[in-house]
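Working notes, structure below.
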């Protein structure tokens with residue numbers, strides 16, 4: 001049998017599964033509950049079950065793109081979770097790249113609410129079922145986005161301070177609407193930030209320099225960025241109330 005060399009062991013040691021496993025199970029569960037990852041997971045699972053049910057009822061793969069979209073929506077939460085795991089180990093230098101990945105993929109989460117544009121009656125599945133289906137994916141996307149941003153804020157606060165964390169959060173919320181416009185109307189995705197940054201930068205530059213020539217760009221960016229902001233503030237309000245009750249119970 002061929003033995004493993006030091007290089008292969010080091011590579012295995014840095015794999016995402018090994019990094020995540022270094023958190024104690026209880027600590028990981030507590031962290032997931034604090035940032036509503038359990039709720040986001042339940043919403044996502046519900047949406048996927050409804051999609052699978054639709055496949056079975058209709059005998060077709062209509063709306064199959066939702067499965068890919070929910071995977072992209074979960075990417076920032078998973079990246080932020082791995083970044084948190086790295087911060088608790090000797091692999092803390094990997095946390096920053098993972099946070100950047102989470103920020104780049106963040107608009108994919110609220111993007112799911114725009115999939116309602118595909119809603120129409122498609123027999124034999126009743127319209128009311130598809131309304132529930134698309135709404136469940138939208139709710140899961142907003143929850144995943146809020147959970148991911150909550151983790152990103154906490155990571156930045158611990159590593160860089162409160163003011164930087166707030167600035168990153170505000171910037172992420174402001175650009176989430178712009179990311180939705182880029183994905184829905186220009187049909188680009190997060191990979192284009194790496195594969196074609198000059199083209200993306202050129203379009204954004206024109207929108208900034210000539211805002212009145214791009215009313216749809218700014219209308220979509222402001223509306224959906226504002227919606228994501230409201231959802232995030234509601235998320236923080238619910239989480240803050242729960243954390244406050246837990247703190248009072250621990251002191252009692």
Residue 173 being buried (at least 20 other Cβ atoms within 10 Å of the Cβ) and either within 17 Å of residue 233 (Cα to Cα) or in contact with a helix residue (DSSP H, G or I) (Cβ under 8 Å, 6 or more places away or on another chain) (or both): yes
When you go through (1) in contact (Cβ under 8 Å) with a residue 24 or more places away in the chain; (2) surrounded by 13 or more Cβ atoms within 10 Å (Cβ to Cβ); (3) assigned to a helix (DSSP H, G or I) one by one for residue 57, which number turns out not to apply? (2)
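Yes/no matrix, rows are residues, columns are (1) within 16 Å of residue 134 (Cα to Cα); (2) out of contact with any strand residue (DSSP E or B) (no Cβ under 6 Å at 6 or more places or on another chain); (3) loosely packed, with under 15 Cβ neighbours inside 10 Å:
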{"position": "63", "(1), (2), (3)": "yes, yes, no"}
{"position": "80", "(1), (2), (3)": "no, yes, no"}
{"position": "86", "(1), (2), (3)": "no, yes, no"}
{"position": "95", "(1), (2), (3)": "no, yes, no"}
{"position": "99", "(1), (2), (3)": "no, yes, no"}
{"position": "107", "(1), (2), (3)": "no, yes, no"}
{"position": "118", "(1), (2), (3)": "yes, yes, yes"}
{"position": "121", "(1), (2), (3)": "yes, yes, yes"}
Quick check on this structure: which one of 193, 173 is modelled with pLDDT under 85 and under 18 Å from residue 75 (Cα atoms)? 193
In the list 140, 104, 146, 132, which residue meets the criterion of being farther than 20 Å from residue 41 by Cα and either in a helix (DSSP H, G or I) or touching a residue at least 24 places away in the same chain (Cβ under 8 Å) (or both)? 104
Under 6 Å by Cβ, and 6 or more places apart or on different chains, what pairs join a residue from the stretch 185-202 that is loosely packed, with under 11 Cβ neighbours inside 10 Å with one that is modelled with pLDDT under 75? none
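The values are calculated or read from the model by the stated rules, or taken from the named source; none is laboratory data. These numbers were taken from a predicted model, which means no experiment stands behind them. Cβ atoms come from the backbone with ideal geometry, glycine included; neighbour counts cover every protein chain shown.
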